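Note sheet for the following structure.
The values are calculated or read from the model by the stated rules, or taken from the named source; none is laboratory data. Predicted, not measured: the structure shown is a model, and the values here were computed from it. Cβ placement follows ideal geometry from the backbone for every residue including glycine, while neighbour counts extend to all protein chains displayed.
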């Protein structure tokens with residue numbers, strides 16, 4: 001018998017890293033009459049933008065203190081969202097609750113980012129909270145299936161490049177590495193590493209300048225997909241205007257992402273930027 005997933009309760013706590021996504025999620029919740037409370041991670045969450053929302057500052061690793069703060073705001077449901085540079089375990093500021101869980105935390109740090117986030121989520125849930133995903137709290141920000149831009153990915157080679165990129169990411173999934181690859185005319189040109197998607201695209205642009213990529217401009221695709229082993233509540237691929245600009249600078253034809261499993265930051269601005277750059281954006285079936 002399947003468990004019934006409880007409905008989202010208000011307020012919702014957003015454990016917020018860097019970038020615009022925490023605020024996009026907060027705005028989505030507000031539009032649906034749900035109160036967001038942002039718990040900004042020190043050193044990552046934008047201190048200026050967070051001022052306009054109900055918020056508190058928290059530190060990585062203080063499970064007991066943070067849990068009491070979540071409870072004081074009546075936040076039963078919590079969401080991890082935003083960019084976060086993986087800290088060394090020696091940099092984590094431990095409190096007593098965290099110290100008691102140190103063997104599990106050490107094991108968590110021995111895996112990739114998905115492994116780490118899933119372990120931390122379990123520790124938080126043991127305190128009586130529910131960790132939620134973006135699909136549950138802000139489904140309007142997820143990529144739909146099909147094209148959202150004027151330009152379409154309708155030629156045979158582009159479709160083949162998309163399929164190859166997705167195959168590469170599927171093969172790499174067990175290693176818990178990056179979530180993006182660039183394929184141009186059947187050649188896997190680059191795969192995302194710890195530097196992220198923006199650095200991946202900058203690398204492709206440099207390869208073009210250096211003559212290492214000989215395909216004509218306007219060919220090739222950036223493919224992004226979550227790992228097959230990924231807990232879809234955490235670290236979903238995200239797409240924003242900056243990624244579109246990076247694709248244009250790398251002289252690629254477009255972007256293929258997984259529908260329902262990719263977050264669109266500022267969707268209207270993203271589509272406008274893609275149309276201006278003549279870049280396609282398509283949602284692949286999950």
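Just give me the residues in the range 1-25 being surrounded by 23 or more Cβ atoms within 10 Å (Cβ to Cβ) and modelled with pLDDT under 90, in sequence order.
Listed by number, the list is empty, since nothing qualifies.
Wholly within the range 1-74, which strands (runs of 3 or more DSSP E) include no fewer than the required count, namely at least 3 residues that are free of Cβ contacts under 8 Å to residues at least 60 places away in the same chain and in the same structural domain as residue 129 (by TED's automatic domain parsing)?
In the range 1-74, the matching strands (runs of 3 or more DSSP E) lie at 36-41, 55-58.
Hey, among 55, 115, which residue is over 22 Å from residue 140 (Cα atoms) and at pLDDT 95 or above?
Only one candidate passes the filter, namely 55.
Could you tell me whether residue 48 is modelled with pLDDT of 95 or more, surrounded by fewer than 19 Cβ atoms within 10 Å (Cβ to Cβ) and under 16 Å from residue 13 (Cα atoms)?
no
Within the range 222-262, restricting attention to residues that are surrounded by 24 or more Cβ atoms within 10 Å (Cβ to Cβ) and out of contact with any helix residue (DSSP H, G or I) (no Cβ under 8 Å at 6 or more places or on another chain), which residue is farthest from residue 139 (Cα to Cα)?
Among those residues, the one meeting the criterion is 257.
Determine which single condition residue 165 fails, assuming it passes every other condition in (1) without any contact (Cβ under 8 Å) to a residue 40 or more places away in the chain; (2) surrounded by 20 or more Cβ atoms within 10 Å (Cβ to Cβ).
For residue 165, the failing item is (1).
I'd like to verify a number: residues in the range 152-171 that are out of contact with any strand residue (DSSP E or B) (no Cβ under 7 Å at 6 or more places or on another chain) and in a loop (DSSP other than H, G, I, E, B), how many?
Going through the range 152-171 one residue at a time, the tally reaches 2.
Here's a check for you: in the range 190-205, which residue that is free of Cβ contacts under 8 Å to residues at least 40 places away in the same chain and touching a helix residue (DSSP H, G or I) at 6+ places or on another chain (Cβ under 6 Å) is surrounded by the fewest Cβ atoms within 10 Å (Cβ to Cβ)?
My answer is 190.
Do the conditions hold for residue 174, that is, is it assigned by TED's automatic domain parsing to the domain that holds residue 153, outside any loop (DSSP other than H, G, I, E, B) and under 30 Å from residue 120 (Cα atoms)?
Yes: the conditions hold for residue 174.
What strands (runs of 3 or more DSSP E), lying completely within the range 206-286, carry at least 3 residues that are without any contact (Cβ under 8 Å) to a residue 60 or more places away in the chain?
It comes to none.
Given the criterion at pLDDT below 95, closer than 19 Å to residue 127 by Cα and out of contact with any strand residue (DSSP E or B) (no Cβ under 7 Å at 6 or more places or on another chain), identify the matching residue among 104, 91.
Unique residue meeting the criteria: 104.
So residue 149 clears everything in (1) touching a strand residue (DSSP E or B) at 6+ places or on another chain (Cβ under 9 Å); (2) surrounded by fewer than 18 Cβ atoms within 10 Å (Cβ to Cβ); (3) touching a residue at least 24 places away in the same chain (Cβ under 8 Å) except one condition, right? Which one?
That leaves (2) as the condition not met.
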